[in-house]
Structures are given as structure tokens and as C-alpha cells.
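None of the figures in this text is laboratory data; all of them are computed from the coordinates on show. Keep in mind that this is a model prediction, so the values were computed, not measured. Here Cβ is always computed from backbone atoms with ideal geometry, including for glycine, and neighbour counts include all displayed protein chains.
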Amino acid sequence: MRALQALGPIAGCDVVLVDGGPRETRRFADAGAQLTPVVTASGTEGKGGGTGWPIADGTADAVVAEWSGFRGKDLAELAEADRVLKAGGRLLVVHDYGRDDVSRLRGENPDHRLWSRRDGPFLSVGFRIRVIHCFWTFDSVEAAGTFLADAFGAAGREFAATLTRPRLSYNVAIYHRTRGEVAASA
């Protein structure tokens, strides 16, 4: 939440949360956001290429999507976010960045490499990227191994056999841009 606050801000602001569940909604409310949740799967026809969020134009300080929306270069989706943002409003998109221990466990995801490319769906349309380096930390290598085996089965056991410390790296990307910022190549 600190990174979103630094890039947003979030506290005391009008925030549209895209496809957030109860846990995310509570977390943003606890951070002091004036929250408007949007569920895109049940969106209605309207502005922004049919996504049609039921939010008035220019009313949000920030639009945040965590691991759900903005997975590709969808200009209608970006237009809808820009429509609801105030001048100077921020679009913040959180996704796994890859290139870490956790992504190795879950298997290669081609999106991770594509998303961080200059010609990818984020950087080519005016987003910048901030990578947050996180860690899963355990009391011991054995405790990590037990967790990995329980959570990931054979892949977890195989990975656990290579551990030399009770910690796994996990990188999270926050793609961010100010309303209307679009690269010339978009």
C-alpha cells in the first residue's frame, strides 16, 4: 500500500478499485481512500469502448487494478480509466513482475516479459514501472521446504531442495501513469 500511496496518492482521495474483492476493498478503506468499486465482468454499455463504468467523468483521483485489469493493450480500457480520472489523476496497475523465485515455482508466464518491454502493452502507452521487491520469509529452510511442498507439490519439493536460505524473492510491478499520458507510438 505504501508504494500505491507514493504513486497515487490514495489516502483521502477518490479511488476507483477495479475488480477488487472484499479484502482489497477493506485494505483501501483502511488506508483512507474514498472508494468506488467497479466490477468489469458485469460492465454495462457506455463510454470507453463498451466498458461503461457507472462513474461520472472526471471524478476519480486514482484508478487502481490489482492483478486483474489492464492485461493487454486495450485502448478502450485506458480511455475509460482516463474518462473517470480528474485532470492529473493516476492510473495504477499492479501485476506480478516475474524474474523471481515465486514465478519460477508457478511456471513461466509470457506476459511478465511482454509487459515490461518498451513495445509492450504498458510502456508503449505512457506507463512507467516501479518494481517492488518482496520476500516470503520463513523461520528455517526446513519450514520453507514444508510450505513449498504443501503449496506447490512436486515443483515445490524440487525447488525446496535448492534453498540455501529461508527466503524466496517475489517481485511485484506497479505500472503507473497520469491521466492522458500516451507515448507517441501508441
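The GNM of the chain, with springs linking C-alpha atoms under 10 angstrom apart, assigns the highest mean-square fluctuation among THR162, THR40, THR59 to THR162.
When only Cα pairs below 8 angstrom with a gap of at least 6 residues are kept, the chain shows a relative contact order of 21 percent.
Given the options VAL63, VAL125, VAL141, state which has the largest fluctuation in a GNM of the chain using a 10 Å cut-off (strictly under) for Cα springs. Greatest mean-square fluctuation among the candidates belongs to VAL141.
Counting helices only, and only those DSSP H runs with n ≥ 4, report the 222 nm mean residue ellipticity of the chain as the sum of -39,500 (n - 2.57) divided by its residues, in deg cm²/dmol to the nearest 500. Working shown, then result.
Working: 6 runs with 57 residues, N = 186.
Roughly -9000 deg cm²/dmol at 222 nm, from the helical runs in the chain.
Using the Cα atoms as the points, what is the convex hull volume per residue of the chain in Å³?
127
Compared with the direct C-alpha span, the chain from GLU142 to SER124 gains 2.1 nm at full extension, assuming 0.36 nm per residue.
Just to confirm a number: summing +1 for Lys and Arg and -1 for Asp and Glu over residues other than THR146 whose beta-carbon lies under 15 angstrom from that of THR146, what do you get? After counting each charged neighbour, the total is -2. When the Gaussian network model of the chain links Cα atoms closer than 10 Å, the mean-square fluctuations of ARG23, ARG71, ARG113 top out at ARG23.
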